[in-house]
Every structure is written in structure tokens, then in C-alpha cells.
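Enquirer: Take this structure first; my questions come after.
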Amino acid sequence: MAETLVKLEDVSKSYWRDSIEIPVLHHINLEILTGEFVALMGPSGSGKTTLLNLIAGIDRPSQGRVIFEHEDLSTLSEGDLARWRSRHIGFVFQFYNLMPVLTAFENVELPLLLTKLSRAERHKQVETALAIVGLADRMKHYPNQLSGGQEQRVAIARAIVTDPDLILADEPTGDLDKQSAEEIMDLLAQLNKDFGKTITMVTHDPRAAEHARVIHRLDKGELETA
Amino acid sequence: MKLLKLIFRNTGRHKLRSSLTILGLAIAVMAFSVIRYSIDAWYSGVAASSPNRLITRNAISIIFTLPLSYRDKIARIDGVTGVSWAQWFGGIYVDAKNFFPQIAVDKDTFFDMYPEYIVPTDEMKAFLSERNAALVGRKLADRFGWSVGDPIRLTGTIYPGEWDFVIRGIYTGAKETTDETQWFFRYDYLDERMRKETPVRAGQVGWFIIWINDPSQAAIISEKIDRLFDNSMAETKTETEEAFNLSFVSMASSIIIGLRIISILVIGIILLVLANTMAMTARERVPEYAVMKTLGFRPVHIVGLIFGESLFIAILGGLLGIVITLFPVMPLVRTALGHFFPTFPLSVVTLILGMSSAIVVGFLAAVFPTFKAVKTPIVDGLRVID
Ligand SMILES: Nc1ncnc2c1ncn2[C@@H]1O[C@H](COP(=O)(O)OP(=O)(O)OP(=O)(O)O)[C@@H](O)[C@H]1O
Ligand SMILES: [Mg+2]
């Protein structure tokens with residue numbers, strides 16, 4: 001029986017705009033086990049990104065608790081939460097979000113600048129990460145010299161380079177053509193299978209969701225597990 | 001700091017915008033330095049004054065004279081080791097715009113009081129032996145292309161008529177602050193003609209120069225001199241040469257205040273320019289900062305990135321400003337101002353002030369954008385792209 005990596009206990013989330021409450025998530029209970037590949041599906045506006053952000057510790061629930069390996073994230077200060085993210089979370093965005101002024105290599109190296117690793121150690125890790133995503137020959141390229149699929153692979157390399165416990169991906173194939181999307185999904189599936197990475201991914205695409213072993217559906221902020 | 005590379009690359013991202021901002025800063029630092037230099041020029045006389053010299057003038061105003069007969073009374077006061085005198089001439093050389101100071105001085109004592117005016121021995125001998133001889137400063141001679149032996153005619157204003165002189169010597173300054181723009185001639189030449197033409201104006205001097213060996217006694221000696229002439233026809237006011245020169249500067253105080261205000265405005269304007277650049281930059285990078293925060297970068301890193309970029313631009317601008325000030329600009333300004341003021345090198349203090357202003361501007365310009373970038377929640381920063 002696999003261990004629980006993340007546990008959401010009765011999590012609700014509302015946003016406040018001009019003193020109007022916008023309820024987004026309602027009493028969510030969710031467990032993500034170590035080694036799982038979870039897909040989070042649901043219509044637009046159902047709160048998928050919001051949920052992912054709560055798990056990533058870049059946003060805080062209005063109510064309820066997010067527990068990561070027995071640690072309640074709400075007890076961490078902003079600074080500690082930032083340090084926690086750099087150690088435990090790898091995040092992949094829909095629009096890649098690479099630094100345009102940094103090369104593929106430097107983008108992947110960026111999260112390692114927060115570690116105590118030496119230059120040589122960092123370089124070795126970056127090269128490994130880029131080799132895993134199949135871009136060892138594109139290290140010196142800038143983002144605008146890469147295709148969308150390649151950019152997303154660099155972003156995945158950036159997410160795995162610190163060897164995080166949990167990879168979170170928000171519609172990682174949402175902006176890609178079918179072929180590239182398929183390659184990215186294969187890559188994520190491989191990270192899960194061969195490297196044992198726990199992955200939680202938001203997607204609209206039912207074919208993409210097929211790679212996942214668990215599928216959760218969100219609808220109007222309510223969770224149902226398929 | 002490992003993020004230095006990111007700072008440099010970010011600065012180079014909008015080349016035109018960064019270059020224009022740097023150029024703006026450079027021009028501001030240059031303008032600031034030139035204005036400060038001009039202010040310093042007004043004070044050059046003060047800077048060149050000696051603590052060993054006191055100046056005694058008419059208590060009412062410098063435009064009123066004192067009887068030459070005061071000399072002996074002043075000389076008898078304890079602590080006074082030398083007395084000389086001088087009078088402002090105010091003549092015109094060819095055209096009024098060719099202004100330069102012309103001062104009638106006692107041929108025997110004046111140059112002992114001013115050892116910083118260096119006159120070659122044979123030229124001094126010639127000056128002493130010819131009544132209408134003149135000794136002129138190096139810069140003044142250069143300005144009009146004069147050399148020793150040239151006959152020069154000045155038209156009097158305070159002392160009407162045509163006055164003929166022969167340049168018998170050219171003095172140079174011992175220090176860089178020494179004024180080399182003056183025209184000295186013999187008081188006895190002036191006085192003799194007054195005796196003939198307007199006897200009431202004979203035997204009158206503009207001011208006395210008093211040498212004291214102990215500058216700490218300046219106040220007491222000044223007091224004693226002025227006490228001597230209390231209740232006389234011409235009461236005196238004695239002060240250190242520095243205070244005397246400062247009183248001339250204060251006559252121009254509104255100009256100087258204006259210049260100081262402009263120098264601050266220049267810095268204020270460039271602060272707005274850089275602040276605008278940094279605000280634009282930081283706004284464009286909101287999603288990037290959000291991504292960096294997601295990766296685990298903390299406010300201190302964002303602060304470093306924005307301040308780093310702002311200070312980098314400011315320092316480049318400041319350095320460029322110093323370079324353009326020193327090379328193309330300063331030589332032109334020195335030549336232009338040199339006709340009216342003893343010129344002197346641009347002070348290091350001015351350059352340091354210019355550079356520090358640029359750095360302060362770089363610092364201030366980063367405050368608001370940094371505050372915003374740090375305060376923006378990650379989720380809001382990320383949503384900007386969607
Ligand atoms: N930072 C925010 N401030 C205010 N409202 C927000 C914020 N983030 C999300 N919302 C609102 O919360 C609701 C859910 O948003 P969320 O982005 O989680 O949906 P989603 O399921 O990811 O949608 P999509 O598939 O379009 O990405 C939406 O109505 C959205 O407008
Ligand atoms: Mg979303």
C-alpha cells in the first residue's frame with residue numbers, strides 16, 4: 001500500500017474581488033499517493049487551477065488543510081513555504097513560462113540556484129534533466145529558438161531538475177499540437193513509470209487523461225473521483 | 001550573487017529603452033556636474049583666500065573709498081605686519097563685453113601680500129621702474145593674445161578718460177585656484193592723474209590689505225582697526241579676506257540659489273525617467289516574477305533583481321555622464337567660464353556627488369516597482385498571461 005503524499009482535508013477556497021466573495025472550491029477531500037499519476041479534469045472555471053495551486057503551496061485555502069507528508073502547509077510562513085516549494089514541488093505551466101533571456105540550460109539551472117550545490121554539481125544535474133527530456137542538443141538555445149513542444153520539455157526539465165517529490169502540471173499540453181502533446185504525455189508517463197515520480201496534472205484532453213492511473217473530476221468546485 | 005547574469009540580460013532586453021534611459025541619466029549627471037562647477041566658480045575667490053589677509057573697506061559700502069592716510073594708523077596696530085592698498089578701476093578694453101578686473105595696487109607692497117602671484121624678477125623690475133606699467137594674469141594675456149611690451153589703452157568709467165598702459169609682466173598663479181584673469185597697474189599712476197584732474201579723488205583707496213602672522217588673532221585685530229576709525233568721516237569694516245570675498249558671492253546669491261535649484265531639478269527629472277522605465281519593466285515581468293516565486297525564489301531575490309537592474313542602469317548612466325563631462329564638455333565649459341572666473345579643475349567632490357545622485361536615483365526608482373512585485377500574489381501574477 002503506497003503512502004499518502006498529499007492530503008486535502010475539507011478544503012474550500014473563495015476569492016474576494018471588491019468585497020464580493022467568489023466561491024471556487026467547496027469542501028474538497030482528496031488524497032494523492034506517492035507514485036500516483038493523477039489527472040484532474042473538469043470544465044473551464046471549475047477550479048482545477050485553483051486546486052493545483054493550493055497543492056503547490058502558491059495559494060492558501062480559505063478553509064481546511066493541505067497536508068504534505070504530515071506537514072500542515074498552513075503552519076508555514078511565506079518564506080518557509082517558498083523554501084518548501086523549491087524542495088518538494090516541480091511545476092509545469094500551460095504556457096511553459098521560461099525566462100526568455102536565459103538559455104534552455106540556464107532555465108533548467110534556475111531552481112538549482114536556490115540550492116547549495118556547486119557549479120559542477122548543478123551542471124551535471126541540468127545535463128541529466130535535459131537528457132531525460134531529450135534536449136541534450138538544445139542546451140544553448142533560447143526559448144524563442146525552440147518549438148512549443150521543446151519549450152515545454154525544457155519546462156519539464158526545470159520541474160524535475162531538483163528531484164521534487166511531486167510534479168504538478170497545469171494543462172501541460174493545452175497549447176501544443178497533437179503530435180507534441182502526445183510526446184509530452186509520453187514523457188510524463190515515463191517520468192511516472194521509470195522514475196517513480198508522483199504527478200498531478202490538470203487536463204481537458206480525455207486522451208491525455210488516459211495516461212493517468214487516477215482521474216478526478218471537478219465540477220463547479222465539487223470533486224468526484226472516477 | 002548567482003542572479004547577476006539574469007540582471008545583466010534583463011537590462012539588455014529592451015536595448016532602445018535601456019540605452020535612452022542610460023543616456024538620459026548621463027546627460028543629467030553631466031548637467032549636474034557643470035552646474036555644480038559653475039557654482040564652485042563663484043566661490044573660487046573664497047577658495048583662493050588666505051587666512052593671513054584681512055581686508056579693510058569703507059563701512060558703508062565697497063563703492064565708497066577710504067583715505068590713504070589710514071595706512072600708517074593701521075600699520076601701528078599690534079599683530080599687523082604689513083599694509084597694502086588697492087583700488088578698483090573698472091575700465092573698458094575696446095568693448096564693454098571684454099570685461100576683466102583691473103585693479104590699481106601699491107607697487108611696493110601689494111605683491112608681498114600675494115605671494116601666489118608669481119612674477120619673473122626682471123618683469124617685476126620693469127613694472128617698478130615705469131609708471132604706466134601693467135602686470136596681467138596668464139589667462140588674461142592668452143585671452144587677448146597679449147605679450148610683454150604691448151601698449152594697451154583702457155577707457156575709464158569710474159576714472160574718466162583714456163588711460164595708456166604698457167604690459168610689463170605676466171604673472172602666473174602658484175596654485176590652481178589662483179586667479180590669472182586680473183590686470184594690475186600702479187596706484188601712483190592713477191593717483192597722480194587724479195591729483196591733477198580731480199584733486200578731491202586723490203589720496204583715496206578702495207580697500208586696504210593687511211597681513212597678519214597669526215590668523216587666530218584675525219577677529220581681535222579687525223576689531224581694533226575698526227575701533228580706530230569709529231566716528232570718523234569714513235568708518236571702516238575689517239574682515240578676513242575669505243569673508244570679504246564671500247560678500248561678493250552673496251551679491252550673486254539669487255543666481256546661485258537658482259543654479260542649485262536647477263541642479264536638484266535635473267536629478268528629480270531623471271528620477272522620474274528611471275522610475276518610469278523601472279515601473280514599465282517590472283510590470284512586464286509580473287508573470288516572470290510569479291514563476292520565479294513558484295520555483296521557490298523569495299522576496300529578497302525579487303528585490304535583488306529589480307534593485308540590481310535599476311542600480312546597474314543608474315551606474316552605467318552615471319559613469320557615462322562622468323565620461324562625457326570630463327572629455328567633450330568640461331574643456332568647453334572651462335574655456336567659456338575662464339573669461340570671468342579663475343578656472344580650476346572640476347572637483348572630485350562634484351563627480352562623486354553626480355555619481356551618488358545617480359545611485360540614489362537608481363535606488364529610489366526601484367522602490368515602488370519592487371514593492372508591487374513583491375506584494376503581487378503568485379496566483380495573480382500567473383493569471384496575467386492567461
Ligand atoms: N486569483 C483569482 N482571483 C479571482 N478569481 C479567481 C482567481 N483565480 C481564479 N478565479 C476564479 O475562480 C474560478 C476558477 O478558476 P480556475 O482558474 O481555478 O478554473 P479552471 O478550472 O482552471 O479553468 P480553466 O480550465 O479555464 O483553466 C473562476 O471563476 C475564476 O474566475
Ligand atoms: Mg486552469
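The values are calculated or read from the model by the stated rules, or taken from the named source; none is laboratory data. Computed from a predicted model, the values in this text were never measured in an experiment. Positions of Cβ are generated from backbone atoms using ideal geometry, with glycine treated the same way; all protein chains shown enter the neighbour counts. To get the accessible areas, we keep the full protein, side chains included, count just its heavy atoms, and leave off ligands, DNA and RNA. Shrake-Rupley method; radii C 1.70, N 1.55, O 1.52, S 1.80 Å.
Enquirer: To the nearest 20 debye, what is the magnitude of the charge dipole of the range A:4-225 about its Cα centre, counting +1 on the Cβ of each Lys and Arg and -1 on the Cβ of each Asp and Glu?
Expert: 480 debye
Enquirer: Also: Remind me, relative contact order of the range A:4-225 in percent, using alpha carbon pairs under 8 angstrom and six or more residues apart?
Expert: About 30 percent, as a whole number.
Enquirer: Can you run the Rg to Rh ratio on chain A? Use alpha carbon positions and the Kirkwood inverse-distance Rh.
Expert: 0.96
Enquirer: Using amide H atoms built 1.01 Å from N in the peptide plane, name the residues 5+ places from residue B:207, or on other chains, whose amide H lies under 5 Å from its own.
Expert: B:86
Enquirer: Could you list the trypsin sites (Lys or Arg not before Pro) in the range B:139-183 that lie in coil according to DSSP, counting only those with at most 13 other Cβ atoms within 10 Å of their Cβ?
Expert: Qualifying residues, ordered by number: B:175.
Enquirer: Most mobile of B:370, B:178, B:198 per a Gaussian network model of chain B (Cα springs, under 10 Å)?
Expert: B:198
Enquirer: A follow-up question, please. Taking the Cα atoms only, what angle lies between the long axis of helix B:15-42 and the longest principal axis of chain B, rounded to 10 degrees?
Expert: Helix B:15-42 sits roughly 20 degrees off the main axis of chain B.
Enquirer: While we're looking at this one, here's another question. Distance from the Cα centre of the range B:106-173 to that of the range A:201-226, in angstrom?
Expert: 100 Å
Enquirer: Related question: Could you size up the charge dipole of the protein assembly as shown around its Cα centre, putting +1 on the beta carbon of Lys and Arg and -1 on that of Asp and Glu, and report it in debye to the nearest 20?
Expert: 880 debye
Enquirer: Run the helix sum for the protein assembly as shown: -39,500 (n - 2.57) per DSSP H stretch of 4+ residues, divided by residue count, reported at 222 nm to the nearest 500 deg cm²/dmol.
Expert: Helix-only estimate at 222 nm: -14500 deg cm²/dmol.
Enquirer: Here's a follow-up. Would you mind pulling out the separation of the Cα centroids of the range A:158-187 and the range A:81-99, in Å?
Expert: The two parts, judged by their Cα centres, are 12 Å apart.
Enquirer: Continuing with this model, one more query. Once phi is turned into ³J(HN,Hα) by the Karplus curve 6.51 cos²θ - 1.76 cosθ + 1.60 with θ = phi - 60°, what whole-Hz value does each residue of the range A:184-189 show in order, with x for glycine and proline?
Expert: 5, 5, 4, 5, 5, 4
Enquirer: A follow-up question, please. Any chance you could look up the accessible area of residue B:170 with a 1.4 Å probe, heavy atoms only, rounded to 10 Å²?
Expert: 20 Å²
Enquirer: While we're here: Other chains near B:294-305: what is the mean number of their Cβ atoms within 10 Å of each residue's Cβ?
Expert: For peptide B:294-305, the averaged partner shielding equals 6.
Enquirer: Residue A:63 versus residue B:255, label points 7 Å from Cα toward the beta carbon: distance in nm?
Expert: Spacing of the two 7 Å Cα→Cβ label points: 7.7 nm.
Enquirer: While we're here: Roughly how many nanometres apart are two label points built 7 Å out from the Cα toward the Cβ at residue B:112 and residue B:76?
Expert: 1.9 nm
Enquirer: Now a separate question. Taking the alpha-carbon centroid of each part, what is the distance from the range A:117-152 to the range B:363-386 in angstrom?
Expert: When both Cα centres are located, 28 Å separates them.
Enquirer: Something else: Restricting things to Cα coordinates, could you compute the convex hull volume per residue of the range B:269-329 in Å³?
Expert: Roughly 80 Å³ of hull volume per residue.
Enquirer: Assigning unit charges at the beta carbon (Lys, Arg +1; Asp, Glu -1) and nothing else, what dipole magnitude in debye, to the nearest 20, does the range A:19-79 show about its Cα centre?
Expert: With only Lys, Arg, Asp and Glu charged at Cβ, the dipole is about 220 debye.
Enquirer: Kindly work out what percent of the DSSP beta bridges joining two residues of the protein assembly as shown are antiparallel, to the nearest 5.
Expert: Rounded to the nearest five, the antiparallel share is 70 percent.
Enquirer: List the GluC sites (Glu not before Pro) within the range B:124-199 that DSSP assigns to loop and that have no more than 16 neighbouring Cβ atoms inside 10 Å.
Expert: Those that pass, being in a loop and sparsely packed, are B:130, B:176.
Enquirer: Short version: ³J(HN,Hα) in whole Hz for each residue of the range A:196-202, in order, from phi by Karplus 6.51 cos²θ - 1.76 cosθ + 1.60 (θ = phi - 60°), x for Gly and Pro, what are they?
Expert: x, 6, 7, 10, 10, 10, 8
Enquirer: Now a separate question. Amide H neighbours of residue A:201 under 5 Å, counting only residues 5+ apart in sequence or on other chains, H built in-plane at 1.01 Å?
Expert: Amide H neighbours of residue A:201, under 5 Å, 5+ apart: A:38, A:39, A:40, A:169.
Enquirer: Of chain A, which part is the longest with no trypsin sites (Lys or Arg not before Pro) in a loop (DSSP not H, G, I, E, B) and with at most 12 other C-beta atoms within 10 angstrom?
Expert: A:1-115
Enquirer: Got a sec to turn the phi values of the range B:152-162 into Karplus ³J(HN,Hα) couplings, 6.51 cos²θ - 1.76 cosθ + 1.60 with θ = phi - 60°, whole Hz, x for Gly and Pro?
Expert: My calculation for the range B:152-162 gives 10, 10, 10, 9, x, 10, 5, 10, x, x, 8 Hz in order.
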